[in-house]
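Contents: one structure, followed by commentary.
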Amino acid sequence: MDRETFNGTIEAFRGRTPFRPFTVVMVNGNRFEVDHPGALALRDGLALFAAPGNVPVIFDNEGVSEFVGDLSGHRAES
């Protein structure tokens, strides 16, 4: 996934009001659910998610194949 799409999509999901969880699917098939907008840090195609139990998940634009969730009515800004 290109960096602009990655950053814009995460920002769009994180900014939904009210926030709704979404899933990140990695190119290797692993997936995890982002359950809180404040649990994400993002910069230049790199993200850190603090998963439940304070387990860090580091991922980047090259390792993500898709995001699963509903963004209808919300346009991702790049």
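Placing unit charges on each Cβ (+1 for Lys and Arg, -1 for Asp and Glu) gives the chain a dipole about its Cα centre, and among V55, V34, F19 the Cα reaching farthest toward its positive end belongs to F19. Computed over the chain with a Gaussian network model linking Cα atoms closer than 10 Å, the most mobile of R20, R43, R31 is R43. Computed over the range 1-64, the quotient of the alpha carbon radius of gyration and 2.2 N^0.38 Å is 1.02. When the helices of the chain are scored as -39500 (n - 2.57) per DSSP H run of n ≥ 4 and the total is divided over every residue, the value at 222 nm lands at -5000 deg cm²/dmol. In the chain, the portion of solvent-accessible area held by carbon and sulfur atoms comes to 49 percent [1.4 Å probe, whole percent, DNA, RNA and ligands not counted].
Extending 7 Å from Cα along the Cβ direction at D35 and again at S65 yields two label points whose distance is 2.4 nm. At a probe radius of 1.4 angstrom, the accessible area of the range 6-78 per residue rounds to 60 square angstrom. Taken about its Cα centre, the chain carries a charge dipole of roughly 220 debye when the Cβ of each Lys and Arg holds +1 and the Cβ of each Asp and Glu holds -1. Remark: the range 17-30, residue by residue, has Karplus-estimated 3J(HN,Hα) of 10, x, 5, 10, x, 9, 10, 9, 10, 8, 5, 7, x, 5 Hz, where x stands for each Gly or Pro and the curve is 6.51 cos²θ - 1.76 cosθ + 1.60 at θ = phi - 60°. Sorting 44-52, 4-12, 22-30 by their mean Cβ neighbour count within 10 Å, with the most densely packed peptide first, gives 4-12, 44-52, 22-30.
The values are calculated or read from the model by the stated rules, or taken from the named source; none is laboratory data. The model shown is predicted, which means the values in this text are computed figures rather than measured ones. Heads up, the Cβs are rebuilt from the backbone with ideal geometry, glycines too, and the neighbour counts pull from every protein chain shown. Surface accessibility is based on the protein's heavy atoms, side chains included, excluding ligands, DNA and RNA. Shrake-Rupley method; radii C 1.70, N 1.55, O 1.52, S 1.80 Å.
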